[in-house]
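Engineer: Have a look at this one.
Read-outs: derived from the displayed coordinates by stated rules, not from any lab. Bear in mind that the values here come from a model prediction, so they are computed numbers and not experimental data. Cβ atoms come from the backbone with ideal geometry, glycine included; neighbour counts cover every protein chain shown.
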There are 2 protein chains.
Amino acid sequence: MRVGFIGLGVMGKPMAKNLVRGGHEVSVISRSQGPVQELVEAGATRASSISEMTAASEVVVTMLPGPVELRQVALGEGGIVANGWPGMVFVDMSTVDPDLVVEIGARCRANDIHFLDAPVSGGESGAIDGTLSVMAGGSGEALELARPVFDAMASSVRLIGPVGAGQLTKAVNQTILVSSLVAISEGIVLLEKAGVDIDQAFAALMGGMANSRALERKGPQMINSDFRPGFRTELHLKDLGIALAAARRLGAIMPVSALATQLMTAVEARGDAKLDHSAVVEVIRGLSSGG
Amino acid sequence: MRVGFIGLGVMGKPMAKNLVRGGHEVSVISRSQGPVQELVEAGATRASSISEMTAASEVVVTMLPGPVELRQVALGEGGIVANGWPGMVFVDMSTVDPDLVVEIGARCRANDIHFLDAPVSGGESGAIDGTLSVMAGGSGEALELARPVFDAMASSVRLIGPVGAGQLTKAVNQTILVSSLVAISEGIVLLEKAGVDIDQAFAALMGGMANSRALERKGPQMINSDFRPGFRTELHLKDLGIALAAARRLGAIMPVSALATQLMTAVEARGDAKLDHSAVVEVIRGLSSGG
């Protein structure tokens, strides 16, 4: 398919590369020109404007840092909604507030543009390997139109409900994940204090009811204090802000998620917001050593 | 092997049955005679006393409700240590305080009895299916002697360290698990409040970083409010009391685990301690509806 891709960051760049590898005709736009050049060398073309991109694309994908950038790119003058054509599919894969994608969805509908909110889980490694999990909100028709695009980037694509449902599911993914990371951190510190063989203990935990993807993928990093991202703490905190604001709006009380978010915020307070979110184990180590 | 088994409760009964099925010569003792009769019908023999059992067994396994029962059976007059013989293997698979098993281990060593603390994860279904995860503390020699016994009951057997290391690992299993269950509950309530398709949302979450054994096995029960045990809340709370006491003794700070434990304690406060621990979702539903 002819696909436009806007936002070649940590996630977007490998996602766009997988689109090229998957045989799609990809045009790209991004703030940093280094990643744009990389994509051009991989076989994509550089679009000079959003209007040029929408004219040439059946599907336009955005993967942007936050709501400010998304609002500008989607709804601004010269943006996607202003330039899209009836029948085009606009897929936003950023993690933003559910209310913003509902607003974008309404504006798209008024212009006969299909819209999906389709945030992902799986992190940089999932983006590189093309094994992301897509949580989509929108119509089944839009999803089927965009399916070849998703298939090049993801191993799981689920339609959860109307526009906004993808963001809500992503919010839950992020709150469960932060709680898991902190609980695993607490367990590691207990095992460290007891002086047992942590690798064996982890192997046993992986065989029991405590097993999780977070334990398998982040546990070893935590044990070895290897906090190269991965998924940066500041990005997880951004997502958690969205999740807890949505929870408040909906009247859903999330005490463990909120406490875990506070403990991850302590990573930022230590000046480590650029480290992988597994660095939250350092906060628990600090609490447990008078630090 | 000739195996003695003491404690035919929710977990012990199916574990002992799997020993019989695995071709072991099993003798049993339990407080309730119903399960004893069931085991005899399955091919086990009824031992009239611990001394009769130890004389006839290469390995004696205990699976008891708590420290009071274990202390009595292990260290009491007419108990296992008093009646064991040099070279016999005593395997305690109960979940109790690490300090108690260290004490039992020392008493065994003085009598040349091999001792392993070997608590399990996997719940009643793991006990029935023979797919428990065993977290063992003790010597490698003792583990090898008892391995045929473990193999009949478990799919994963790990030696974590000296006596007590099994209990510490089990403690971590239980604290990670309670935190997971509460975080999943919070996510379910958020999705319920948003009115999205929860089955689809869960399918998406299982494809992402939030996936865990708890999500897969307990999520559907929580969504459907099916709280038949499974693993009773009161038993999880007992284990969490052990875990948090050990954590305090070792100076390991576990804020999320402690909060999650409190929220699970609210299940007990509702009078639902006999329900499956997944019933903690009802506490979050209550908080989120002014209940």
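Engineer: Of A:V189, A:P229, A:L177, which is farthest along the charge dipole of chain A in the positive direction, counting Lys and Arg as +1 and Asp and Glu as -1 at C-beta?
Structural biologist: With unit charges placed on the Cβ atoms, the residue in question is A:V189.
Engineer: Please list, ordered by chain and number, the residues whose modelled amide H lies under 5 Å from the amide H of B:F90; skip anything fewer than 5 residues away on the same chain.
Structural biologist: Those lying under 5 Å, H to H, from B:F90 are B:V60, B:H114, B:F115, B:L116.
Engineer: Let me ask something additional. How large is the Kirkwood hydrodynamic radius of chain A, in angstrom, based on all distinct alpha carbon pairs?
Structural biologist: It is 19.8 Å.
Engineer: Where does the protein assembly as shown land on Rg/Rh, using Cα atoms and the Kirkwood Rh?
Structural biologist: 1.06
Engineer: Could you work out how far the C-alpha centroid of the range A:116-181 sits from that of the range A:255-291, in angstrom?
Structural biologist: 27
Engineer: A further question follows. Filter A:K218/B:K170; A:K193/B:K218; A:K170/A:K218; A:K274/B:K218; B:K170/B:K274 down to the pairs with a C-alpha to C-alpha distance above 28 Å, please.
Structural biologist: Too far apart for the 28 Å limit: A:K193/B:K218; A:K274/B:K218.
Engineer: Same structure, new question: Rounded if a/c is under 1.5, else prolate if a/b beats b/c, else oblate: with a ≥ b ≥ c from the C-alpha gyration tensor eigenvalues square-rooted, which is the range B:168-288?
Structural biologist: Prolate is the answer for the range B:168-288, as a/c is 1.5 or above and a/b outweighs b/c.
Engineer: Return the average number of partner chain Cβ atoms within 10 angstrom of each residue Cβ along peptide B:148-160.
Structural biologist: 3
Engineer: Take peptide B:212-222, look around each residue's Cβ out to 10 angstrom, count Cβ atoms belonging to other protein chains, and average those counts.
Structural biologist: Working: counts 11, 8, 6, 4, 2, 1, 1, 0, 0, 0, 0.
Across the residues of B:212-222, the mean count of other-chain Cβ atoms within 10 Å is 3.
Engineer: Which shape class applies to the range A:2-162: rounded if a/c is under 1.5, otherwise prolate when a/b exceeds b/c and oblate if not, where a ≥ b ≥ c are the square roots of the Cα gyration tensor eigenvalues?
Structural biologist: Rounded.
Engineer: Could you state the angle between the C-alpha long axis of helix A:255-269 and the longest principal axis of the C-alpha atoms of chain A, as a value from 0 to 90 degrees rounded to the nearest 10?
Structural biologist: Once rounded, one gets 90 degrees.
Engineer: Treating the angle as unsigned and between 0 and 90°, give the value, to the nearest 10°, between the Cα long axis of helix A:233-250 and the longest Cα principal axis of chain A.
Structural biologist: The two axes meet at around 80 degrees.
Engineer: Can you compute the helix-only [θ] at 222 nm over chain B? Use -39500 (n - 2.57) per DSSP H run of at least 4 residues, normalise by all residues, nearest 500 deg cm²/dmol.
Structural biologist: Working: 14 runs with 163 residues, N = 291.
Calculated at 222 nm, the ellipticity per residue is -17000 deg cm²/dmol.
Engineer: Near the axis that takes chain B to chain A, which B residue has its beta carbon closest, and at how many Å?
Structural biologist: Reported as residue, whole Å: B:S212, 2.
Engineer: Now a separate question. Pairing the Cα long axis of helix B:12-21 with the longest principal axis of chain B, what angle in degrees results, from 0 to 90 and rounded to the nearest 10?
Structural biologist: That helix lies at roughly 60 degrees to the long axis.
Engineer: R0 = 51 Å: FRET efficiency of B:D99 with A:R249, Cβ-based, nearest 0.05? Working shown, then result.
Structural biologist: Details: r = 47 Å, r/R0 = 0.93.
Step by step, r from the Cβ atoms, then E = 0.60.
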